[in-house]
């Protein structure tokens, strides 16, 4: 027996790998989303958030009563069969106000965060990618904003432009954007050293394309997780502004405002403070758990 | 040193070792069927491509397998005592400090916040209970024994204050302080420059004589293995496939994988017109998915039905030569026939046609100075880092210029100025008759399209967020190479040309191996059908078998499209193989430029000579002159006056070297040397590399 020694095919250094990618982008998005089910913490967080989102969406169906309807015969009552969680000082149903309050907060908080992420991303990308003088100027201004205590900033802004839903959103954007910009800038500083950025530059791509198409998608992981936490902060902020009377105008059901109104009667009917406080904290905790779980799972295998 | 009562017991005897890692999908065998022994003052080289289990063996020996790793089979006898299945405490007692390990990155082994003297003497004060003073003295002695210049002074420094080669010396000295019987070195020179590597390898060779240590030397570099080892063990997919004396492995390999590896590396002196690299087809199987029979069967050109069914054992085929192949004897006799005469002839034809090509890229007196931040708060003289200092060269159409030199010599900066990522601060750069001393943003599309680049690091060359097709397609759309409805077809044509095929179109970079990523990077660069492609170390991060395939691919592209290439590399055999003309750079200057074969033969520039004597050659018969450069590369901030190389030049001619810039001496048309030494003198120098009979 002799061995014939002819190699099979020369210079084909590769064969097909173990993964056969499917062009389905939807499927891919689902796969990256599905990692949260490996983390119990993330699932619990997600469940809480989804609960509140559903409550907000179906508020008119769920709410037993009109949140604005006053019942002068039942003021500051404890839970009863008509008013499941009791009533406030104007005799409004706390449960219904909580349910509608979820609507307000879950509408305003994400919008505020989206805006601050947009502004922060633009500033961070610009500073991080160009560097030099532009970076210095942008970052020093943002540092100056960040040096103010948050509450003070809110007070200044709202008292300057007046209190309304839009102004609350603008104030949160203004206060949140510097943080996002710092995060995006540090991610950009890292990503811009990669060879694919060199490759884009040697292709003659313009800076906007490089920043938004080459760099930004690769910063999305940390950015998404950070945004999730920011929605939590924004909810707190809206609550705080409501509590300080700088939030939404009077009759609108607003969790922070509800706490503020019930605060004076805390000794006689403590439940009036407890319910909205529970609502705020459960939503914020849910978001934090979800973000933390997601971060842990997504960084585990890097 | 304690005297071993049984002088013939090997220091380390590993028998049928198997190591597995527990994962979510069950146990994955990382290493199996590994047997070897190392005698006192001998070196075993363990060689193989990445992911073949080399480091796992080392971790198994010192019991650093981590929480999910475990030895599932076999024995590890260290000085006659079994290390397997013992408790942590017992192990420590047996091993004592008698096994030391040296890793690839010295900065990770040294504590950056402690002075070198403190961390070294700590080893002695803690383990041996020595007085601080005595310990320090011993450390200085040890540093001197590893040829550390100015040892007493180094003791007072922090790790970042000494060079990479010196750091590695400190790590080795530290490992030797406890007088280990076994020294395990895992790629200790991979991160170092060739001249530094050569010095460290000299040191390691000397250790055996001075310390009587047994060394296990792990590396992927066949040249390094040929230089340091007594015996060589070849690893493939977690199995030891061949083990023999170093000469036998290189001259009479009996396993098809070993043979394949050796055909992948260009021998120093071979070039593309007279030889061809034969990559091993396929890729290393993942440990979780090993073939049932011989692990190499899917890629083996000799494979037969039996190989698919039966897993071969390691067996002895000659005295001290074991191999894991069922048909080793027949393979030894069979003549391996290279399959590609056709392509060779083709190369020769093109080469002749290119004899009198015109220059397409012309660089004249190019300068790239970076202004260094001033040390004074206000004012002070301006200082410049002279990254590229008066470089002149040209590249002819359809030819390849190689640029070699150690890290920091300015070769990448030169490439950046040509491509337009940096703007030269002086001199003239011309490409196809156009002035290219402009940043890429200000160049017109036609110029950008014709000047493209292939990058070094396969892991960062592709944007992880987009699939392969999109990234190649972007270049096609940008340069309007084809109408937009044909972009997909053109991408697929390019992928076919890269031997990847249509199924790669939708893959994301993380689904590709290193070699595949590099191919996509090449496809992206040639998508616009550029006239000139700059390749910045395109194969240095790849395993040898993949490296061969990528080099072949680049050669084919050049032949098919007539692309001109500038090839930057530090591996001198690869450059010799791949390039027509070579420029040797030192500290921002070109010191020698000429046809490839002329660079590797005398007369040499003294720096070229030193480089050639340092390069590890994958052939134990090769004999190199022993030239080692003293000191480190001076800072480009204040380069030495006169000839930049004079501070380290072993052939320093006299005071003139320190005072005046050397003249360009023409050796032959197209071959110039930048040196004061008269040509007649340089011609007398003998060849650096000779082959023993």
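Okay, here's what the table says:
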read-out	value
Residue A:219 within 14 Å of another protein chain (Cβ to nearest Cβ) and within 21 Å of the chain's Cα centre (by Cα)	yes
Any hit, segment B:506-515, residues being assigned by TED's automatic domain parsing to the domain that holds residue B:367, over 25 Å from residue A:191 (Cα atoms) and without any contact (Cβ under 8 Å) to a residue 24 or more places away in the chain	no
Residue list for segment B:286-322, restricted to those being closer than 11 Å to residue B:239 by Cβ and in contact (Cβ under 8 Å) with a residue 40 or more places away in the chain	B:287, B:290, B:295, B:296, B:313, B:314
Residue check for residue A:33: free of Cβ contacts under 8 Å to residues at least 40 places away in the same chain, touching a helix residue (DSSP H, G or I) at 6+ places or on another chain (Cβ under 8 Å) and not in a loop (DSSP other than H, G, I, E, B)	no
Selection within segment A:199-211 - in contact (Cβ under 8 Å) with a residue 40 or more places away in the chain and within 12 Å of another protein chain (Cβ to nearest Cβ)	A:207, A:210
Residue in segment B:69-80 that is under 21 Å from residue B:155 (Cβ atoms) and without any contact (Cβ under 8 Å) to a residue 60 or more places away in the chain present	no
Filter result for the condition that a residue is at pLDDT 90 or above and part of a loop (DSSP other than H, G, I, E, B), over B:506, B:489	B:506
Residue that is nearest to residue A:197 (Cα to Cα) [pool: residues in segment B:429-463 that are more than 10 Å from chain A (Cβ to nearest Cβ) and part of a helix (DSSP H, G or I)]	B:450
The one condition in (1) over 17 Å from residue A:240 (Cβ atoms); (2) assigned to a helix (DSSP H, G or I) that residue A:193 fails to fulfil	(2)
Segment B:92-110, residues that are touching a residue at least 24 places away in the same chain (Cβ under 8 Å), assigned to a helix (DSSP H, G or I) and either surrounded by fewer than 17 Cβ atoms within 10 Å (Cβ to Cβ) or touching a helix residue (DSSP H, G or I) at 6+ places or on another chain (Cβ under 6 Å) (or both)	B:106, B:107, B:109
Count of residues meeting criterion [crowded, with 23+ Cβ neighbours inside 10 Å and either modelled with pLDDT under 90 or out of contact with any helix residue (DSSP H, G or I) (no Cβ under 6 Å at 6 or more places or on another chain) (or both)] in segment B:401-412	5
Checklist (1) away from chain B (no Cβ under 13 Å); (2) modelled with pLDDT under 75; (3) farther than 30 Å from residue B:516 by Cβ applied to residue A:37, failing item	(2)
Residue match in segment B:6-17 (condition: closer than 28 Å to residue B:259 by Cα, surrounded by 18 or more Cβ atoms within 10 Å (Cβ to Cβ) and free of Cβ contacts under 8 Å to residues at least 60 places away in the same chain)	yes
Single match in A:234, A:262 (criterion: crowded, with 23+ Cβ neighbours inside 10 Å and within 26 Å of the chain's Cα centre (by Cα))	A:234
Residue ID - farthest from residue B:326 (Cα to Cα), chosen from residues in segment B:286-306 that are assigned to a loop (DSSP other than H, G, I, E, B) and more than 10 Å from chain A (Cβ to nearest Cβ)	B:290
Counted residues, segment B:492-503 - those being surrounded by fewer than 16 Cβ atoms within 10 Å (Cβ to Cβ) and not in a helix (DSSP H, G or I)	1
The lone exception for residue B:466 - which of (1) facing another protein chain (nearest Cβ under 8 Å); (2) crowded, with 20+ Cβ neighbours inside 10 Å it fails	(2)
Check on residue B:560, assigned to a helix (DSSP H, G or I), more than 14 Å from chain A (Cβ to nearest Cβ) and surrounded by fewer than 24 Cβ atoms within 10 Å (Cβ to Cβ)	no
Every residue from segment B:521-549 that is within 11 Å of chain A (Cβ to nearest Cβ), buried (at least 24 other Cβ atoms within 10 Å of the Cβ) and over 14 Å from the mean Cα position of the chain (by Cα)	B:521, B:524, B:525, B:527, B:533, B:534, B:549
Conditions (1) surrounded by 10 or more Cβ atoms within 10 Å (Cβ to Cβ); (2) at pLDDT 65 or above; number of the one not met by residue B:381	(1)
Only listed residue being assigned by TED's automatic domain parsing to the domain that holds residue B:215, closer than 26 Å to residue B:539 by Cα and touching a strand residue (DSSP E or B) at 6+ places or on another chain (Cβ under 6 Å), chosen from B:265, B:249	B:249
Hits in segment B:469-503 (condition: more than 7 Å from chain A (Cβ to nearest Cβ), farther than 28 Å from residue A:191 by Cα and under 26 Å from the mean Cα position of the chain (by Cα))	none
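For (1) within 14 Å of chain A (Cβ to nearest Cβ); (2) surrounded by 23 or more Cβ atoms within 10 Å (Cβ to Cβ), each residue gets a yes or a no:
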| site | (1), (2) |
| --- | --- |
| B:238 | no, yes |
| B:246 | no, no |
| B:257 | yes, yes |
| B:266 | no, yes |
| B:274 | no, no |
| B:278 | yes, yes |
| B:282 | yes, no |
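The values are calculated or read from the model by the stated rules, or taken from the named source; none is laboratory data. Not measured: the values here are computed from a predicted model. Backbone-built Cβ (ideal geometry, glycine too); neighbour counts: all protein chains shown.
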